[in-house]
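Derivation of every value follows stated rules applied to the coordinates shown; laboratory data play no part. Everything numeric here is computed off the predicted structure, so don't read it as measured data. With ideal geometry, Cβ positions are generated from the backbone for all residues, glycine too; neighbour counts draw on all protein chains shown.
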Amino acid sequence: MEAPQVTVMPVTGGTINMMEYLLQGSVFDQALESLLHRLRGLCDNMEPETFTDHELVYLLKGQQGNPFILRARRSLSHPTSPWHLRYLGQPEVGDKSRHALVRNCVDVAASHSLPEFLNEMGFRMDHEFVANGHIFRKGAMKIVVSKLSRILVPGNTENTERLSLSFLVELSVLAPAGQDTMSEDMRSFAEQLKPLVHLEKIDPSKQSASFMGT
Amino acid sequence: MQQREEKQLEAAVESLISRVAHVKNALHSFIYKLENEYERLTWPSVLDNFALLSGQLNTINKLLKNEKTPSFRNQVIIPLLLSPDRDEDLAKLTELRVPVFSHEIVPDYLRTKPDPEVEEQEKQLSVEAARIGPEVAQKQIQTLNKLCSNLLEKLNNPRDDRDAESSAIRQNKPSFNPADTNALVGAVAFGKGLSKCRPPGPVAPGHPGQGPMMSGGPTLQQVTIGGGSNQQAVMGGPGAPQQPGQPGKMPSSIKTNIKSASGSMHPYNR
C-alpha cells in the first residue's frame, strides 16, 4: 500500500516574527524617586513591580563574521520560575526617521538546565550581570528602570558591584513584524518623561565601533 | 403709606420664603446624595452642589439688601400663645420638624441675637480692634491688601514668568548623564566593562575604552575565529533560527554558519 502523496508542505515554523522597538536612557540615583512617581502616574495602574534578574550572555563563535549571541535570564527574586532565553537580531537600518531602535526578537522559556545545555551546544558565556529595578507597563509598552551590577566572582550573584551611579531606563514594545505604528506612541511617551530622562535610540553597533577605535 | 409698607413687607417675606425653600431643597438633595451615593460621588459634583448653595445664599443676600425691602429689624415677632400640645397644622406646615409650639422651641427659632459664644467672641474681637489704635490698623490693612494683590498678580500672569524661572532652576540640576547612558547601554548590549576575563576592580563609570583584554579567551569586541570551530559548524545549523532575507537587515553570521555546515560535514548524506 502506498502512502498517500504529500501535496502540502508541512508547517515548519510556528511563530510570527516579533520585532522589538527600543528606546533607552538613563537617570541619576537622586532623580530616581521623581522618575518613579512620574511613571506611576503615567503608566497603567498596577502594584509597582520590582525584579532582580541575573543575565548571562552566551556566544557561539563561527568561522567568520560576528558571533551568534543568545541571552539567558533568570529571576533571582523568583528562583523557581523558568529561565528566559532571548535572541536579538541586528538593528534594522531601513528608516532613518524611525524613532526607535527596531530589531528582530525571539523569546522562549527554558528549564533550569539551560546553562549546561548551551555549554554542550558549544556556546561559551561571555559576560553576566545582575539587573534589579522596577518595571511598569502602559498598554503594549514596557518601561524598565534598572540598575546594573557587575558580578565579581563568576557564578556568585551575591557579590556584586554597581556598574555606574545611574539607572538604565528602557522603553520597549514587542510587536509583529511590519507594524510600524508603535514608534509614534513610544515617542510621545518619551516626550512626557523629559526633562527627567531623555529616551532615545542608541545604536549599540555604533557604540562598539567607537570603542574599537580607541 | 402704611399700607404700602405692609404690602412691601408682605412681598418681601413671600420672596424670602421662596428663596429659602430653594436653599432647603438644594440642601436636601445634597444630603441625600452624600448619604446614599457617596461611593459614586466625585469631587467636581460636590463642588457643584456647594456652588449652587452659595449662589442661592447670594440671591438671598441681594434680596435683603434690596432697597424695596423694608428693614426687618424694625419688626418684632412676639409669640402670643405657647402650648405644650401637639399642633397638627404646624406639624404639617413644617414637615414634622416643629410639632409643638412650646417654650423649648422659642429660644431657638425666634432668636434675634447671636449665640452667647458667638457674642463673646465678637466682643473680644472688637476690644482687640479698639486696643491697637487706628494707625496700626490702617497699616495692617494696607499690608494685607498688598499681599493679596501680589498673589493675584502672580496667579494671573502665569506662563511666561513661571516657565522662565522653573527652566532656570531645572537646568542647574541635570537628572541624567549621557555618558552614563552610553556606558549602561554598552554594558547591556555587548558587555562593555563586564567581560568576565577582566580583573575585578573599580572601574570609573562612563569611561569608554577600557581596552580589549589580551588575557584569557577572546571577547565580543575582538572578532576572532576560535580553533576547532568545525565541529561547532554542525551545531550552528540546527541552532540557527529563521529569517533569511529580511529587507534592510545587516548581514548576520547565521547564513555563513549554515553554509559551512551544509557544505562540508553534513552527517546525513543523501
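Multiplying the sequence separation of B:HIS103 and B:ALA129 by 0.36 nm and subtracting their Cα-Cα distance, what value in nm do you get?
On the way: separation 26, 0.36 × 26 = 9.36 nm, distance 3.78 nm.
Here the segment from B:HIS103 to B:ALA129 would lengthen by 5.6 nm.
I need the calculated FRET efficiency for the pair B:LEU81 and B:MET1, taking r as the beta carbon distance and R₀ as 51 Å, to the nearest 0.05.
Working: r = 31 Å, r/R0 = 0.61.
That gives a FRET efficiency of 0.95.
Based on the alpha-carbon gyration tensor of the stretch B:1-75, what equivalent-ellipsoid semi-axes (square roots of 5 times the eigenvalues) come out, in whole Å, largest first?
On the way: eigenvalues 245, 26, 10 Å².
In descending order the semi-axes read 35, 11, 7 Å.
Could you sort out which of A:LYS61/A:LYS138; B:LYS113/B:LYS154; A:LYS138/B:LYS33; A:LYS201/B:LYS192; A:LYS201/B:LYS173 sit more than 30 Å apart by Cα distance in this structure? Working shown, then result.
On the way: A:LYS61/A:LYS138 38 Å; B:LYS113/B:LYS154 42 Å; A:LYS138/B:LYS33 35 Å; A:LYS201/B:LYS192 18 Å; A:LYS201/B:LYS173 24 Å.
From A:LYS61/A:LYS138; B:LYS113/B:LYS154; A:LYS138/B:LYS33; A:LYS201/B:LYS192; A:LYS201/B:LYS173, over 30 Å: A:LYS61/A:LYS138; B:LYS113/B:LYS154; A:LYS138/B:LYS33.
Can you pull the one-decimal nm distance between simple spin-label points at A:THR52 and B:ILE141, each 7 Å off the Cα toward Cβ?
Label-label distance for A:THR52 and B:ILE141, simple model: 6.9 nm.
Estimate the FRET efficiency between A:THR80 and A:GLU184 by the formula 1/(1 + (r/R0)^6), using the beta-carbon distance for r and 45 Å for R0, to the nearest 0.05. Kindly include the intermediate steps, with their values, before the conclusion.
Details: r = 39 Å, r/R0 = 0.88.
Once rounded, the FRET efficiency stands at 0.70.
In nm, to one decimal, how far is the modelled label at A:HIS37 from the one at B:ASN157, with both set 7 Å along Cα→Cβ?
In this crude label model, A:HIS37 to B:ASN157 measures out at 2.9 nm.
Computed FRET efficiency, Cβ-Cβ of B:THR94 and A:LYS194, R0 60 Å: what is it to the nearest 0.05? Write down the numbers at each step before the final one.
Details: r = 64 Å, r/R0 = 1.06.
My answer for the efficiency is 0.40.
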